[in-house]
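Working notes, beginning with the structure itself.
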Amino acid sequence: MYLSKTAAATAVAQAPSIRKNLWRRSGSALGLALALSALSSASAYAGCEYIVSNQWNTGFTGTIRIANTGTAPINGWNVSWQYTSGDRVTSSWNATVSGANPYAATGLNWNSTIQPGQSAEFGIQGTKGGATAEIPVISGAACAGNQPVSSSSSSKVSSSAAVSSSSKSSSSFSSASSVVSSISVASSSKASSASSVATTGEQCNWYGTLYPLCATTSSGWGYENGKSCIARSTCAAQPAPYGVVGAGSSSSVVFSSSSKSSVASSVSSSRSSANSVVSSSSSIKSSSSSSSSSSTPVVGLAYKGVTLAGAEFGQNNIPGIYLKDYIYPDQTEVDYFKGKSMNTLRLPFLWERLQPSLNSAFDATELSRLDAFVTATTAKGVNVVLDPHNYARYNGGVVGTGSVPNAAFADLWSRLATRYKSNNKVIFAIMNEPHDISTEQWLGAANAAIASIRAAGATNLVLVPGNAWTGAWSWNQNWYGTANATAMLGVVDSGNNYAYEVHQYLDSDSSGTSPTCVSTSIGVERLTAFTAWLNTNGKRGFLGEFAGGDNATCKTAVTSMLQYMQTNNNVWIGWTWWAAGPWWEEYMYTLEPKAGADRPQLSWLTPYLF
């Protein structure tokens with residue numbers, strides 16, 4: 001289905017028709033991440049939740065959360081559940097799941113102990129036996145303090161969305177909805193109802209997904225009463241058929257039972273990081289109420305711009321000949337894109353050209369080219385993203401192996417950080433699109449690089465990609481090994497100034513090799529799970545590459561995607577389009593001006609460049 005691109009060697013010698021030759025990989029499963037999250041200590045018991053995070057015609061994904069609200073650690077937790085309507089689990093992650101209905105799950109070595117005030121989660125994917133995914137009762141010693149084993153299974157469901165009172169332990173959602181249903185537990189509470197943030201019964205239909213309307217937030221995305229919400233003005237500014245939907249359509253679902261438990265369904269919570277730090281050169285601004293298809297400027301994200309490709313060309317000719325095999329962008333291009341209100345330019349380059357031997361000094365000539373671009377560009381107030389465009393490789397060796405040890409990767413970044421640490425307009429994107437590497441191996445390399453950056457005294461923003469070409473669409477999947485959603489939670493940054501960089505294209509396999517976009521909503525669809533992961537874990541995201549061909553479908557898909565990131569500006573910090581550069585000629589995605597004239601896709605970005 002969808003994903004991020006990866007480039008093999010690109011430039012053709014001397015030819016002005018140089019383009020990026022792409023090879024990609026796609027997977028098939030949808031996933032959901034594990035997280036450890038802080039919760040307030042409220043009772044002597046733990047609580048268990050079953051959360052349906054997404055569902056479609058035949059399947060669903062979900063999370064089971066075990067929260068320790070007591071005062072003593074939970075050691076070696078195990079839980080079980082059983083479906084009554086035909087749902088079945090087909091895969092799982094972050095726990096050992098056994099059985100064939102009923103199912104049992106136990107923790108792994110690293111998450112089997114839950115300290116007071118924390119929770120453990122594991123993910124499941126499955127097939128549905130009916131129209132909507134079932135919400136079964138979770139049982140086990142960790143749940144016994146507040147979730148009745150005997151009576152919860154017969155809890156009836158009522159909903160303002162007209163769910164029948166006789167339906168058991170399930171809630172009704174459309175297949176396009178990403179509304180999250182959760183079973184929440186409180187040992188001494190009586191059955192209670194849940195409502196959306198605004199109490200009018202109205203909601204926001206945001207590109208096919210229902211969210212609460214904010215009661216007090218006047219613009220953009222809000223967070224009220226423990227729930228994410230969308231301001232009325234922002235919601236109402238969407239193009240038809242989206243916008244504010246009337247009273248009686250609330251997605252809040254009330255579960256009732258004669259037992260001392262309550263079950264509530266709500267729109268998925270967005271958790272903004274308490275330690276969210278944006279590079280000192282800029283700050284995230286709130287959204288204005290603007291339609292994604294409007295030309296009205298949108299006060300937006302901190303970093304907005306384009307990749308200026310060229311210095312990474314000629315990957316089959318290293319070091320190559322300058323101006324024949326590769327080229328650096330010049331200040332004419334910088335001035336052009338700065339004049340279009342872009343404030344961030346991503347600069348790909350090759351590690352081997354800059355540092356011909358591992359752990360050695362940089363090549364003086366190549367460094368002078370890099371320096372010249374960085375110095376002149378940042379002097380104009382434009383951010384530069386340094387991007388070693390190497391796919392976690394050096395002369396064919398994989399980072400984290402004997403031929404390219406993590407220490408050598410750390411050495412690269414120690415030298416770069418030492419050189420540019422005094423310039424807060426420089427952003428360190430530690431690697432472009434790692435692939436065909438174990439996710440744990442890549443995590444170790446990434447952490448080594450980050451540690452070396454901070455050891456050099458640099459406080460610059462760091463962008464950290466995941467494995468599998470760092471696709472947003474596959475962030476939660478495991479066809480490439482441990483899911484990024486799981487492993488990349490292990491990123492360690494003593495400076496706490498980093499974001500996860502993902503790439504996302506809109507063609508049929510997310511490869512970025514076709515001008516055709518799947519649908520007008522595909523951009524939003526492919527960012528949704530990753531955005532939820534950012535919210536759940538209090539992380540930040542940066543869209544390092546995205547694009548679409550010059551056609552009406554791609555235009556709507558791209559502008560909807562940009563509006564979606566803008567609305568979720570509590571977790572998204574910026575984006576750079578792929579691509580521009582002096583040697584692209586008629587490349588389908590290029591923003592390089594032709595005879596001084598703007599390329600068509602630039603007009604799509606313009607409302608979001610303010």
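The values are calculated or read from the model by the stated rules, or taken from the named source; none is laboratory data. All of these numbers come straight from a predicted model, not from anything done at the bench. Cβ placement follows ideal geometry from the backbone for every residue including glycine, while neighbour counts extend to all protein chains displayed. Protein only, heavy atoms only, side chains kept; ligands, DNA and RNA dropped before computing areas. Shrake-Rupley method; radii C 1.70, N 1.55, O 1.52, S 1.80 Å.
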Quiz item: What single numbered condition from (1) open to solvent by 10 Å² or more (accessible area, probe 1.4 Å); (2) touching a residue at least 24 places away in the same chain (Cβ under 8 Å); (3) assigned to a strand (DSSP E or B) fails to hold for Gly126?
Solution: (1)
Quiz item: Of all the residues that make up the range 314-335, how many are out of contact with any Lys or Arg (no Cβ under 9 Å at 6 or more places or on another chain) and crowded, with 17+ Cβ neighbours inside 10 Å?
Solution: 5
Practice problem: List every residue pair whose Cβ atoms sit under 8 Å apart, with the two residues 6 or more apart in sequence or on different chains, where the first one lies in the range 97-117 and is closer than 10 Å to Trp81 by Cα and the second, anywhere, is open to solvent by 40 Å² or more (accessible area, probe 1.4 Å) and not in a strand (DSSP E or B). | Solution: Asn101/Gln82; Pro102/Gln82; Tyr103/Gln82
Exercise. Filter the range 71-80 down to the residues that are in a strand (DSSP E or B) and in contact (Cβ under 8 Å) with a residue 40 or more places away in the chain, then identify the one that is least open to solvent (accessible area, probe 1.4 Å).
Key: Val79
Quiz item: Would the range 554-563 turn up any residue that is outside any helix (DSSP H, G or I), surrounded by 23 or more Cβ atoms within 10 Å (Cβ to Cβ) and small (Gly, Ala, Ser)?
Solution: no
Quiz item: From the list Ala458, Ala487, Ala472, which residue is buried (at least 24 other Cβ atoms within 10 Å of the Cβ) and under 23 Å from Glu545 (Cβ atoms)?
Solution: Ala472
Quiz item: Taking the range 447-481 as the region of interest, how many residues are β-branched (Val, Ile, Thr) and touching a residue at least 60 places away in the same chain (Cβ under 8 Å)?
Solution: 2
Quiz item: Under the condition of being over 29 Å from the mean Cα position of the chain (by Cα) and open to solvent by 40 Å² or more (accessible area, probe 1.4 Å), which residue from the range 81-103 is nearest to Ala133 (Cα to Cα)?
Solution: Ser85
Practice problem: Return the total of residues in the range 572-610 being in a loop (DSSP other than H, G, I, E, B), of a type in the set (Ser, Thr, Tyr) and closer than 15 Å to Lys338 by Cα. | Solution: 0
Exercise. Determine whether Pro136 is part of a loop (DSSP other than H, G, I, E, B), touching a residue at least 24 places away in the same chain (Cβ under 8 Å) and closer than 16 Å to Glu49 by Cβ.
Key: yes
Exercise. Could you list all residues from the range 489-538 that are part of a helix (DSSP H, G or I), among the small types (Gly, Ala, Ser) and either in contact with a strand residue (DSSP E or B) (Cβ under 8 Å, 6 or more places away or on another chain) or under 24 Å from Tyr587 (Cα atoms) (or both)?
Key: Gly523, Ala529, Ala532
Quiz item: Looking at (1) at pLDDT below 95; (2) not in a loop (DSSP other than H, G, I, E, B), which is the one condition that is false for Asn569?
Solution: (2)
Exercise. Filter the range 371-398 for residues that are among the polar types (S, T, N, Q) and either surrounded by fewer than 19 Cβ atoms within 10 Å (Cβ to Cβ) or more than 26 Å from Asn447 (Cα to Cα) (or both) and give the result.
Key: Thr375, Thr377, Thr378, Asn395
